[in-house]
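Q: One structure, pasted below without further comment.
The values are calculated or read from the model by the stated rules, or taken from the named source; none is laboratory data. As the structure is a computational prediction, the values presented were derived from the model and not from experiment. All Cβ positions, even for glycine, are placed from backbone atoms using ideal geometry, and neighbour counts span all protein chains on display.
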Amino acid sequence: MATVTYDAPEGVETVEVDAEKISDSGRVHGVRVQRSGGRYLHLPYSRLYSIETTEQEGKVDYSGP
């Protein structure tokens, strides 16, 4: 699980999602978080406070293409 904390119109929001559901956003200069029901949350880097994951989830495998 990953915890994403960001600045929302109503104040600071925190959501928990699987780490695999966080990716680079094609819409804004920031990240995209896949929510339940196939919805996406696009967060510009300027509104993103933190993304917290476990050490294992935070590792990236660069050995493949």
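Q: Can you find a residue that is modelled with pLDDT of 90 or more, of a type outside the set (Asp, Glu) and touching a helix residue (DSSP H, G or I) at 6+ places or on another chain (Cβ under 8 Å) anywhere in the stretch 11-28?
A: Within the stretch 11-28, not a single residue is modelled with pLDDT of 90 or more, of a type outside the set (Asp, Glu) and touching a helix residue (DSSP H, G or I) at 6+ places or on another chain (Cβ under 8 Å).
Q: Which pairs have Cβ atoms under 9 Å, sit 6 or more apart or on different chains, and link a residue in the stretch 1-17 that is loosely packed, with under 12 Cβ neighbours inside 10 Å to one that is hydrophobic (A, V, I, L, M, F, W, C) and part of a strand (DSSP E or B)?
A: Met1/Val17; Glu16/Ala2; Glu16/Val4
Q: Another one. Could you check the stretch 1-37 and list, in sequence order, the residues that are farther than 24 Å from Gln56 by Cβ, in contact with a strand residue (DSSP E or B) (Cβ under 8 Å, 6 or more places away or on another chain) and either among the β-branched types (Val, Ile, Thr) or not in a loop (DSSP other than H, G, I, E, B) (or both)?
A: Listed by number, the residues that qualify are Asp7, Val12, Glu13, Val28, Gly30.
Q: For residues that are aromatic (Phe, Trp, Tyr) and either under 11 Å from Val4 (Cβ atoms) or touching a Leu at 6+ places or on another chain (Cβ under 7 Å) (or both), tally how many sit in the stretch 26-49.
A: Step one: filter the stretch 26-49 for residues aromatic (Phe, Trp, Tyr), giving 40, 45, 49.
So of that shortlist, the ones also either under 11 Å from Val4 (Cβ atoms) or touching a Leu at 6+ places or on another chain (Cβ under 7 Å) (or both) come out as 49.
Adding up the residues that qualify gives 1.
Q: Assigned to a strand (DSSP E or B), acidic (Asp, Glu), modelled with pLDDT under 90 and exposed (fewer than 13 other Cβ atoms within 10 Å of the Cβ) - does that describe any residue in the stretch 38-55?
A: no
Q: Could you give every pair whose Cβ atoms fall below 8 Å, whose first residue belongs to the stretch 24-43 and is without any contact (Cβ under 8 Å) to a residue 24 or more places away in the chain and at negative phi, and whose second residue is β-branched (Val, Ile, Thr) and surrounded by fewer than 16 Cβ atoms within 10 Å (Cβ to Cβ), counting only separations of at least 6 or pairs across chains?
A: So the pair list comes out as Arg35/Val15; His42/Val28.
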